[in-house]
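S.K.: Dropping a structure here in structure tokens format, bear with me for questions.
Derivation of every value follows stated rules applied to the coordinates shown; laboratory data play no part. Predicted model, so just to flag it, every value in this text is computed and none were measured. Note: ideal-geometry Cβ built from the backbone for every residue, glycine included; neighbour counts use all protein chains shown.
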Amino acid sequence: MKIKDICPVCGQKTTESADLTVRFDKGDYEVIIHHVPGRKCANCGEQVFSRETVKRLQEIMRSHPAMSKRRIETDFAA
Ligand SMILES: [Zn+2]
């Protein structure tokens, strides 16, 4: 189901539900999380996530503290 909603950045009603890849650049290393459910704006490219999804992303980040790895890839549902 596609949900069109107003983009918080550009104000256009152009966001659609999407399967997103989120990348956090932590300076020394980066964390990449695949298959994150969210919405993406077709106009400006902004990625929008629900509060629950943000909470889950924060939990994933906490479970991957700064390590010797330069690049950490994981799955949202893992
Ligand atoms: Zn936008």
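S.K.: Local charge sum around His35 (other residues, Cβ-Cβ under 12 Å, Lys/Arg +1, Asp/Glu -1)? Don't skip to the answer; put the middle values down first.
M.R.: On the way: positive: Arg56; negative: Asp19, Glu73, Asp75.
Summing Lys/Arg as +1 and Asp/Glu as -1 gives -2.
S.K.: Quote the relative contact order of the chain in percent (integer), defining contacts as alpha-carbon pairs under 8 Å separated by 6+ residues.
M.R.: Values: 127 pairs, mean separation 22.1, N = 78.
Taking the mean separation of contacting Cα pairs over the length of the chain, I get 28 percent.
S.K.: Ile72's amide H: which non-local residues (gap 5+, or another chain) put their own amide H closer than 5 Å, with H modeled 1.01 Å from N in plane and none for Pro or chain starts?
M.R.: Glu30, Val31, Ile32
S.K.: Counting only other residues whose beta carbon sits under 12 Å from that of Gly11, what net charge do I get with K and R as +1, D and E as -1?
M.R.: Result for the local shell: -1.
S.K.: What number of lysine-lysine pairs in the chain show an alpha-carbon separation below 13 angstrom, given a sequence spacing of 8 or more or placement on distinct chains? Write out the running numbers ahead of the final one.
M.R.: Values: Lys2/Lys13; Lys2/Lys40; Lys4/Lys13; Lys4/Lys40; Lys13/Lys40; Lys26/Lys69.
Lysine pairs meeting the criterion: 6.
S.K.: A follow-up question, please. In a shell of Cβ-Cβ distance under 9 Å around Arg70, excluding Arg70 itself, what net charge do Lys and Arg (+1) and Asp and Glu (-1) give?
M.R.: 0
S.K.: If you don't mind, there's one more thing I want to ask. By how many degrees, between 0 and 90 and to the nearest 10, does the Cα long axis of helix 51-63 differ from the longest principal axis of the chain?
M.R.: Once rounded, the angle reads 10 degrees.
S.K.: Can you bin segment 15-75 into rounded, prolate or oblate? Criterion: square roots of the alpha carbon gyration tensor eigenvalues sorted a ≥ b ≥ c, rounded for a/c under 1.5, prolate for a/b above b/c, oblate for the rest.
M.R.: Numbers: a/c = 2.60, a/b = 1.84, b/c = 1.42.
Prolate shape, in that a/c is at least 1.5 and a/b is the bigger ratio.
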